[in-house]
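The values are calculated or read from the model by the stated rules, or taken from the named source; none is laboratory data. Being a predicted model, the structure only gives us computed values, none of them experimental. Note: ideal-geometry Cβ built from the backbone for every residue, glycine included; neighbour counts use all protein chains shown.
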Amino acid sequence: MKTEFPTTLLEAVRYFSDLDVCIEFVAKMRWPDGIKCPHCDCEQVYYIKTRRIWKCKDCKKQFSAKAGTIFQDSHIELDKWLPAMWMATCMKNGVSSHELGRVLGVTQKTAWYMLDRIRLAMQVSGIGKLKGEVEVDETFIGGKARNMHVGKRREKIKGSGSVGKTAVMGLLERHGEVRTKIVPDVKKSTMQPHIENHVEPGSEVFTDALRSYNGLEAQYIHQVIDHAEAYVNGNVHTNGLENFWSLFKRCIRGTYVNVEPFHLFRYLDEEEFRFNNRQCNDAQRFLKAVENVAGKHLTYAELTGRVMPLDSIGNTEGSRPVSNG
């Protein structure tokens, strides 16, 4: 393998232009202690260079570096997958499927499927509960009424500005990670259990004046900032989460333009990943995503909603699987 690992997109494209280098890189990321058969875990395998696959001496099955990863069953080679992952993980406002398709020389439909597989690798569950100073806030994602055709506006907008939009709840540990969740509403019975599941008791919790947060003082040091009066009062504010919402909405409006509620959680995963790894450089962020490609798979039927993944049955439409909280 080449010794100089890339630090920029241009270097990454050059580095991964050799398919053998790509295969060796993914194999070393997946099996740092040596190649193992994904079918039986046997270490007695040999490489068939002409076909770029391994064969297990025990179970006799053949496998490639893609087997058991987000790349599985894809006809796109790794010399396109890896630059695509670099772009998705390192471009601050994301990359659209149209743009990725033009860059890689594939169709928009293929690029869209690739991006959603990459977002699956970027879906990293938080470990433990948030603690210390934690901001909690909610937002609504959806089109602006003034940008809708008058007929569509009458159809969708039948109440306040939040009607017809998707509610998203966010929790941010200051100087730490952010976690988001699509919620059916912003009622107290919906939001407070989620806070209890993700925030350590005794922590300082900062919220706005939404009445759904009333009662948090029973478990937390709850401080409120009323945005009708001010946005900051000393250390009491939710500006960290407001910054995350701003980044996410800029990504949606500027790059993806229109996201269906069914797919919204995937785009939240993408923005969460980049935000939570904001202290990393591009190469480190890319490597973190590649570390998570194994053990994850997304079929086109699951992506389009024709078949629901087994671990998401029974969950709210557009929510993450139960295992991801």
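Could you say whether any residue in the stretch 95-103 is loosely packed, with under 15 Cβ neighbours inside 10 Å, within 28 Å of the chain's Cα centre (by Cα) and not in a loop (DSSP other than H, G, I, E, B)? Show your work before the answer.
Kept after step one, since they are loosely packed, with under 15 Cβ neighbours inside 10 Å, are these residues of the stretch 95-103: 98, 102.
So of that shortlist, the ones also within 28 Å of the chain's Cα centre (by Cα) come out as 98, 102.
After this cut, where a residue has to be not in a loop (DSSP other than H, G, I, E, B) as well, the list is 98, 102.
Among the residues of the stretch 95-103, at least one is loosely packed, with under 15 Cβ neighbours inside 10 Å, within 28 Å of the chain's Cα centre (by Cα) and not in a loop (DSSP other than H, G, I, E, B), which makes the answer yes.
How many residues are free of Cβ contacts under 8 Å to residues at least 12 places away in the same chain and either within 22 Å of the chain's Cα centre (by Cα) or within 18 Å of Phe248 (Cβ to Cβ) (or both) when one looks only at the stretch 171-226?
1
For the stretch 1-8, check the following and say yes or no: at least one residue is in contact with a Cys (Cβ under 8 Å, 6 or more places away or on another chain) and either surrounded by 15 or more Cβ atoms within 10 Å (Cβ to Cβ) or not in a strand (DSSP E or B) (or both). Let's see the steps before the verdict.
Initially, the stretch 1-8 is screened for residues in contact with a Cys (Cβ under 8 Å, 6 or more places away or on another chain), giving none.
Scanning the stretch 1-8, I find no residue that is in contact with a Cys (Cβ under 8 Å, 6 or more places away or on another chain) and either surrounded by 15 or more Cβ atoms within 10 Å (Cβ to Cβ) or not in a strand (DSSP E or B) (or both), so the answer is no.
For (1) farther than 19 Å from Arg174 by Cα; (2) among the β-branched types (Val, Ile, Thr); (3) surrounded by fewer than 13 Cβ atoms within 10 Å (Cβ to Cβ); (4) at pLDDT below 95, each residue gets a yes or a no:
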{"position": "Glu200", "(1), (2), (3), (4)": "no, no, no, no"}
{"position": "Val205", "(1), (2), (3), (4)": "no, yes, no, no"}
{"position": "Tyr220", "(1), (2), (3), (4)": "no, no, no, no"}
{"position": "Glu229", "(1), (2), (3), (4)": "yes, no, yes, yes"}
{"position": "Val232", "(1), (2), (3), (4)": "no, yes, yes, yes"}
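List pairs: first in the stretch 3-27 and without any contact (Cβ under 8 Å) to a residue 24 or more places away in the chain, second not hydroxyl-bearing (Ser, Thr, Tyr), Cβ under 7 Å, 6+ apart or cross-chain?
Pairs found: Tyr15/Lys2; Tyr15/Pro6; Tyr15/Val21; Val21/Met1; Val21/Lys2; Glu24/Met1.
Quick one: how many residues across the stretch 280-311 are under 18 Å from Met114 (Cα atoms), modelled with pLDDT under 95 and either in a helix (DSSP H, G or I) or hydroxyl-bearing (Ser, Thr, Tyr) (or both)?
Of the residues in the stretch 280-311, 6 are under 18 Å from Met114 (Cα atoms), modelled with pLDDT under 95 and either in a helix (DSSP H, G or I) or hydroxyl-bearing (Ser, Thr, Tyr) (or both).
Rundown of residues vs (1) among the polar types (S, T, N, Q); (2) touching a strand residue (DSSP E or B) at 6+ places or on another chain (Cβ under 8 Å); (3) at pLDDT 90 or above; (4) surrounded by 17 or more Cβ atoms within 10 Å (Cβ to Cβ), yes/no style:
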position: Arg153; (1), (2), (3), (4): no, no, no, no
position: Val163; (1), (2), (3), (4): no, no, no, no
position: Met191; (1), (2), (3), (4): no, yes, yes, yes
position: Arg211; (1), (2), (3), (4): no, no, yes, no
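List pairs: first residue in the stretch 257-268 and farther than 12 Å from Leu303 by Cα and surrounded by fewer than 20 Cβ atoms within 10 Å (Cβ to Cβ), second residue of a type in the set (Lys, Arg) and at pLDDT below 90 anywhere in the structure, Cβ distance under 9 angstrom, at least six positions apart or on different chains.
From the stretch 257-268, the pairs are Pro261/Lys165.
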